[in-house]
Amino acid sequence: MSDCLFIQRTPEETRVGLRRGGRLWELEVDHTGGRSLSGNVYRGRVVRISAEMNAAFVEIGLEKQGLLHAQDVWLSTQHHSRPETLQSGVDGAPPSRGSAPKIDSIIEIGQEVLVQITREPIAKKGPRVTMFPSLPGRNVVLLPHEPHVGVSRMIDDPDERQRLHSLVHRILPRELGAIVRTVGEAATEAEVANDLAFLRAQWFDLKERFAHASAPSFLHADLDLTLRSLRDRVTAQTETIWITDPSDRDRVETFLKRFHPDLSPQVREHSDNTSLFMTHGLSTEVDASLNPQVTLPEGGDLMIELTEAMTVIDVNSSRRKESGRLADSQLRLNLSAAREIARQLQLRNIGGLVVVDFVKMRRVEDRRMLEAVLEAELSQDRARVRISRMNRFGIVMMTRKRARQSIYGPLTDSCAVCQGRGYVRSATDIAVETLNRLRKTLRSAHSTDLLLRVEAPARVAAVLQGQLAGVIDDLAERHGAEIVISALGASAKDSNEVALSSRPGGSAH
């Protein structure tokens, strides 16, 4: 299955899309000059300690302070080094840091620390930071404060995992750690050594900057979105890289020679007046990625709903009558949903807790098959995903590591009417409330010859002039008043506001 990488860069934004097998699988949009906050390193100052959260708040020079949990505090007084002999186990993740001590026993207010952003600010939450930085290269990620050697879980060949583990263990000083990335599979010793040498030099330079900086100070940023996409998204399956900015060609080709000397994707420049994403049909897929409903090939659909605490995905069966056994059709639908869910999580970059409500299946073997397919599909995700077993209600829970904001961040705004809830007050309820306001106004009026004007959104005005018209006429007659209902223009169609004005005497105009 071939990949095609699209990099659309304009003065306003950088937009990157990865198409795999003819479908959009990854999307990243940046309106800040191509750089995100995730991966940035700062010299920060501890300004507050929360015993309840077992965390500290660190001033790093951004709008919101960074949250530093106790388990993310690095104690420089501890001895950190790998054992000289090679240990069994080549898992990609560093070993657990154990139970976290009390935050006020390991850090104090006013202390200046080197921290890296691991999760960008999301909604009302500030960035999450750690004192265990990681510096990504092409084939490996350097872990300066974690003397552990690991291999990406996506490299599943045992012999290759052991080769890479032994190689890094031999090259890297014992006080440092590293994880071999998925793209590092089959990397030569020279390629790994060059990567590690580059990252070590970067780390020593970063420490030098920290020593001479005052808090809060910015010290280091990851590559911009264009080069970061080349580093992280280009693989042996990448056939073509499309760019839009002529000035990018030299640096793209130079970067590919430096980080991908064994690959030769074709770099093509888009010169059409139409945008790159529109020309290749990606804009339609981007629009679809913002729709909560996703149609499945088997006839059902997914409903993807984001909340403050989690993302909920509901698998709905088709209303059309299926041929064959019900259990078989349920399995086919759920398997189709599992494959699409894996794609949607990556495409929308959904992180945190995800709860999936599959169509309930009675057969245990069907549930186990679904779990296996879901795990296999999610194993290709570059973000770490942890999955629970399906319970008897058809529910699967998973967590997906959240580093950068989802596509909803740069591509959407909260609805000004519903404040992001996804619903508004009903027209009938607003109309009834308007009637109550009219009654109150008429009861307190000192004149019997009163003109009342009601300006309401079209949907509310339709209720007042329709099903409640008789009530309004009766109200006007009993109080000797004239009530005029006006519908606001189309620009106010989503407003919940109803304007009520009055003046004594006269007739409506």
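Some values worked out for this structure:
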{"read-out": "Scope the range 161-217; condition more than 30 Å from residue 46 (Cβ to Cβ), out of contact with any Leu (no Cβ under 7 Å at 6 or more places or on another chain) and among the acidic types (Asp, Glu); matching residues", "value": "185, 191, 195"}
{"read-out": "Conditions (1) in contact with a His (Cβ under 7 Å, 6 or more places away or on another chain); (2) closer than 24 Å to residue 106 by Cβ; (3) not basic (Lys, Arg): number failed by residue 126", "value": "(1)"}
{"read-out": "First in the range 448-477 and in contact (Cβ under 8 Å) with a residue 24 or more places away in the chain, second anywhere and among the charged types (D, E, K, R) and in a helix (DSSP H, G or I), Cβ under 7 Å, 6 or more apart", "value": "475/439"}
{"read-out": "Positions within the range 336-366 being more than 25 Å from residue 383 (Cβ to Cβ) and either of a type in the set (A, V, I, L, M, F, W, C) or out of contact with any Gly (no Cβ under 6 Å at 6 or more places or on another chain) (or both), in sequence order", "value": "359, 361, 362, 363, 364, 365, 366"}
{"read-out": "Residue among 376, 338, 372 that alone is small (Gly, Ala, Ser), under 25 Å from residue 152 (Cβ atoms) and buried (at least 18 other Cβ atoms within 10 Å of the Cβ)", "value": "338"}
{"read-out": "The one condition in (1) under 50 Å from the mean Cα position of the chain (by Cα); (2) surrounded by 18 or more Cβ atoms within 10 Å (Cβ to Cβ) that residue 442 fails to fulfil", "value": "(1)"}
{"read-out": "Selection within the range 130-173 - among the basic types (Lys, Arg) and surrounded by fewer than 22 Cβ atoms within 10 Å (Cβ to Cβ)", "value": "153, 161, 163, 170"}
{"read-out": "Selection from the range 259-275 of residues that are touching a residue at least 24 places away in the same chain (Cβ under 8 Å) and over 30 Å from residue 139 (Cα atoms)", "value": "275"}
{"read-out": "Top-ranked residue in the range 7-53 [being over 15 Å from the mean Cα position of the chain (by Cα) and among the acidic types (Asp, Glu); ranked as nearest to residue 289 (Cα to Cα)]", "value": "13"}
{"read-out": "Checklist (1) outside any helix (DSSP H, G or I); (2) touching a residue at least 24 places away in the same chain (Cβ under 8 Å); (3) touching a helix residue (DSSP H, G or I) at 6+ places or on another chain (Cβ under 8 Å) applied to residue 355, failing item", "value": "(3)"}
{"read-out": "Those strands (runs of 3 or more DSSP E) lying entirely in the range 9-88 with at least 2 residues modelled with pLDDT under 95 and surrounded by 11 or more Cβ atoms within 10 Å (Cβ to Cβ)", "value": "14-20, 23-30"}
{"read-out": "Members of the range 271-322 found to be under 24 Å from residue 399 (Cα atoms) and over 22 Å from the mean Cα position of the chain (by Cα), listed by number", "value": "296, 316"}
{"read-out": "Restricting the range 389-403 to residues that are under 21 Å from the mean Cα position of the chain (by Cα) and modelled with pLDDT of 90 or more, the residue that is farthest from residue 365 (Cα to Cα)", "value": "400"}
{"read-out": "Exclusive hit being over 30 Å from residue 118 (Cβ atoms), at pLDDT 90 or above and under 40 Å from the mean Cα position of the chain (by Cα), set 417, 460", "value": "460"}
{"read-out": "Any pair with Cβ under 6 angstrom, 6 or more apart, that starts in the range 229-253 at a residue that is of a type in the set (Asp, Glu) and ends at one that is part of a loop (DSSP other than H, G, I, E, B) and surrounded by fewer than 14 Cβ atoms within 10 Å (Cβ to Cβ)", "value": "239/2"}
{"read-out": "Those helices (runs of 4 or more DSSP H) lying entirely in the range 379-471 with at least 3 residues over 30 Å from residue 126 (Cβ atoms)", "value": "427-444, 458-465"}
{"read-out": "Selection within the range 216-239 - within 19 Å of residue 380 (Cα to Cα) and β-branched (Val, Ile, Thr)", "value": "234, 235, 238"}
{"read-out": "In the range 293-323, the residues that are over 16 Å from residue 336 (Cα atoms) and either among the hydrophobic types (A, V, I, L, M, F, W, C) or not assigned by TED's automatic domain parsing to the domain that holds residue 351 (or both)", "value": "306, 309, 310, 312"}
{"read-out": "Residue in the range 273-292 that is more than 20 Å from residue 27 (Cα to Cα) and surrounded by fewer than 16 Cβ atoms within 10 Å (Cβ to Cβ) present", "value": "yes"}
{"read-out": "Tally of residues being at pLDDT 90 or above and among the polar types (S, T, N, Q) across the range 217-251", "value": "6"}
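Residue by residue, here is whether (1) in contact with a helix residue (DSSP H, G or I) (Cβ under 7 Å, 6 or more places away or on another chain); (2) without any contact (Cβ under 8 Å) to a residue 40 or more places away in the chain; (3) of a type in the set (A, V, I, L, M, F, W, C); (4) not assigned by TED's automatic domain parsing to the domain that holds residue 13 holds:
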| site | (1), (2), (3), (4) |
| --- | --- |
| 45 | no, no, no, yes |
| 49 | yes, no, yes, yes |
| 52 | no, yes, no, yes |
| 55 | yes, no, yes, yes |
| 58 | no, no, yes, yes |
| 62 | no, no, yes, yes |
| 65 | no, no, no, yes |
| 69 | no, no, no, yes |
| 72 | no, no, no, yes |
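The values are calculated or read from the model by the stated rules, or taken from the named source; none is laboratory data. This one's a predicted model, so the numbers in the text were calculated from it and none came from an experiment. Reconstructed Cβ throughout: ideal geometry from the backbone, glycine too, with neighbour counts over all protein chains shown.
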